[in-house]
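> Below you will find the structure I want to go over with you.
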Amino acid sequence: MDDQNFGTRNKRGDWAPNGHIEVAPFWAWPPKLMTVLKWLPEYVWPWNAFHMATALLYWFYVVPDVTVMKTLSWGWPLWLYAVNAGAIFVFYGSVELLFYVKRKQGNRFKYNAKFPGEQPSDVFWFKSQNIDNFLRSFFISIPLWTLVEVLFLWVFANGWVPWLSWADNPYYLAFLVAVAPMIHEVHFFFIHRLIHWGPLYRWIHSVHHNSVNPSPWSSLSMHPVEGFLYHAVAFWHLVIPSNPIVAMFQLHIAGFGAVNGHIGFDKLEITEETPLDTHAYAHYLHHKYFEVNYGGDGLIPLDKWFGTWHDGTKDGDVQMQARFQKKKERMNAKTARANS
Ligand SMILES: [Zn+2]
Ligand SMILES: [Zn+2]
């Protein structure tokens, strides 16, 4: 596939998509019904359908019996950890293997011309982004993901929160499933915005941002505090009346879905003629410029409302630079006042 038909490559070899990142069409005013209808399949397929499929697979084949989950022990949590780690190893690992190790499509559709493996750096354990990100994912973030999972299953199993049945509440639960990706965006935006505050950034979030040029292993490369807060999105289903399958779906949007922002390619060529949109650009820009796009790619356009949206165009750049300039002036004025 020719990526020049979809975007442009600069002198450094970095590729950027044409057009701009659009917020979800249901925010348009006056409403554009046709655009919303066209967008719906894309909302469901393939990513959210994949997260629901894995949630169901877990529910029917992995999660132990309710009576087992009533008591905390080591057995079933370790089993869940093994499955989570195995699934991420296969899922993230195959993207990493095909597109970063074997480089199946070279750097077609790749935002950053360089591959992380070519750029050793002191900020990483063993100077390697890949090893550092891999170890942090498997020994920090996935255990915390599992902890969140074990806690909500334990609470549901003991009947400490409402466990709504599908038979009695089909419409309400279907609605919860439909809005789960939105709950994810809102939760992620606010915890993410919080850990970008200076002291918390230095203590917690800088770990994730060491990967300026992310690859799939960067997705869950987090400080423990972030690793817990990020997956804790599933706890919302203990607060609102829900069902453990929906909570599992919510957790998988976070755990499995983290890869979306970090694939590094705009499209993966599944076959020569079948590109898979990654939706990675908004979060790629976040890794590049730090103080833009704290949320996802505009499902709930909180960045737009808070003035931190970068839509991937020149205009987005101009607005960002103007904001940085204003911030600098504010800081300078503050220091001047402090010194006078
Ligand atoms: Zn990231
Ligand atoms: Zn960040």
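> Check whether at least one residue in the stretch 286-300 is in contact with a Phe, Trp or Tyr (Cβ under 6 Å, 6 or more places away or on another chain) and either under 30 Å from residue 256 (Cβ atoms) or among the aliphatic types (A, V, I, L, M) (or both), and report yes or no.
Keep residues of the stretch 286-300 that are in contact with a Phe, Trp or Tyr (Cβ under 6 Å, 6 or more places away or on another chain), which gives 294-295.
Pick out the ones that are also either under 30 Å from residue 256 (Cβ atoms) or among the aliphatic types (A, V, I, L, M) (or both) and you get 294-295.
So far as the stretch 286-300 goes, yes, one or more of its residues are in contact with a Phe, Trp or Tyr (Cβ under 6 Å, 6 or more places away or on another chain) and either under 30 Å from residue 256 (Cβ atoms) or among the aliphatic types (A, V, I, L, M) (or both).
> Any residue in the stretch 181-200 that is more than 16 Å from residue 261 (Cα to Cα) and within 16 Å of ligand 1 (Cβ to nearest atom) sitting within a Cβ distance under 7 Å of a residue that is at pLDDT 95 or above and of a type in the set (D, E, K, R)? List the pairs, counting only those 6 or more apart or interchain.
Filtered contacts from the stretch 181-200: 195/226.
> Scan the stretch 310-328 and tell me whether some residue there is within 16 Å of ligand 2 (Cβ to nearest atom) and within 30 Å of residue 41 (Cβ to Cβ).
Looking for residues that are within 16 Å of ligand 2 (Cβ to nearest atom) and within 30 Å of residue 41 (Cβ to Cβ), one finds at least one in the stretch 310-328, hence yes.
> Take residue 306 and decide whether it is within 16 Å of ligand 2 (Cβ to nearest atom), at pLDDT 95 or above, surrounded by fewer than 24 Cβ atoms within 10 Å (Cβ to Cβ) and of a type outside the set (S, T, N, Q).
On the way: within 16 Å of ligand 2 (Cβ to nearest atom): yes; at pLDDT 95 or above: yes; surrounded by fewer than 24 Cβ atoms within 10 Å (Cβ to Cβ): yes; of a type outside the set (S, T, N, Q): yes.
Yes; evaluated as a whole, the condition is true for this residue.
> Kindly indicate the residue of the stretch 201-230 that is in contact (Cβ under 8 Å) with a residue 24 or more places away in the chain and of a type in the set (Phe, Trp, Tyr) and also farthest from ligand 1 (Cβ to nearest atom) among those meeting that condition.
Among residues in the stretch 201-230 that are in contact (Cβ under 8 Å) with a residue 24 or more places away in the chain and of a type in the set (Phe, Trp, Tyr), the one farthest from ligand 1 (Cβ to nearest atom) is 228.
> So, one more: Output the residues belonging to the stretch 282-305 that are in contact (Cβ under 8 Å) with a residue 40 or more places away in the chain, part of a helix (DSSP H, G or I) and more than 21 Å from residue 206 (Cβ to Cβ).
Once the filter is applied, which keeps residues that are in contact (Cβ under 8 Å) with a residue 40 or more places away in the chain, part of a helix (DSSP H, G or I) and more than 21 Å from residue 206 (Cβ to Cβ), the stretch 282-305 yields 302, 304.
> Name the single residue that is farthest from residue 211 (Cα to Cα) among those in the stretch 139-153 being touching a helix residue (DSSP H, G or I) at 6+ places or on another chain (Cβ under 6 Å) and aromatic (Phe, Trp, Tyr).
In this case the residue turns out to be 152.
> Any idea which of 200, 251, 229 is modelled with pLDDT of 95 or more, within 16 Å of ligand 2 (Cβ to nearest atom), in a helix (DSSP H, G or I) and buried (at least 21 other Cβ atoms within 10 Å of the Cβ)?
229
> Moving on to the next point. Given the criterion within 16 Å of ligand 2 (Cβ to nearest atom), within 17 Å of the chain's Cα centre (by Cα) and modelled with pLDDT of 95 or more, identify the matching residue among 258, 234.
The conditions single out 258.
> Pull up the stretch 306-340, narrow it to residues that are assigned to a helix (DSSP H, G or I) and small (Gly, Ala, Ser), then point me to the one that is nearest to residue 6 (Cα to Cα).
Here is the first cut: in the stretch 306-340, the ones assigned to a helix (DSSP H, G or I) are 306, 314-339.
Next, from what is left, pick out any that are small (Gly, Ala, Ser): 316, 322, 333, 336, 338.
Working: 316: 19, 322: 28, 333: 44, 336: 48, 338: 50 Å.
Out of the qualifying residues, it is 316.
> Sticking with this structure for a sec: Determine whether the stretch 28-38 contains at least one residue that is part of a strand (DSSP E or B) and touching a Phe, Trp or Tyr at 6+ places or on another chain (Cβ under 8 Å).
No, there is no match, as no residue in the stretch 28-38 is part of a strand (DSSP E or B) and touching a Phe, Trp or Tyr at 6+ places or on another chain (Cβ under 8 Å).
> Report every pair of residues separated by at least 6 positions or lying on different chains whose Cβ atoms are under 9 Å apart, first residue within the stretch 257-279 and within 14 Å of residue 108 (Cα to Cα) and more than 13 Å from ligand 1 (Cβ to nearest atom), second modelled with pLDDT under 90 and assigned to a loop (DSSP other than H, G, I, E, B).
Qualifying pairs under 9 Å: 267/1; 269/1; 272/1; 273/1; 275/1.
> Check residue 211 against each of (1) of a type outside the set (Asp, Glu); (2) within 16 Å of ligand 2 (Cβ to nearest atom); (3) at pLDDT 95 or above; (4) crowded, with 21+ Cβ neighbours inside 10 Å and name the one condition it does not meet.
(3)
The values are calculated or read from the model by the stated rules, or taken from the named source; none is laboratory data. Note that the structure is a prediction, hence the values are computed from the model and not measured. Because the Cβ atoms are built from the backbone with ideal geometry, glycine has one as well, and the counts that use them run over all protein chains shown.
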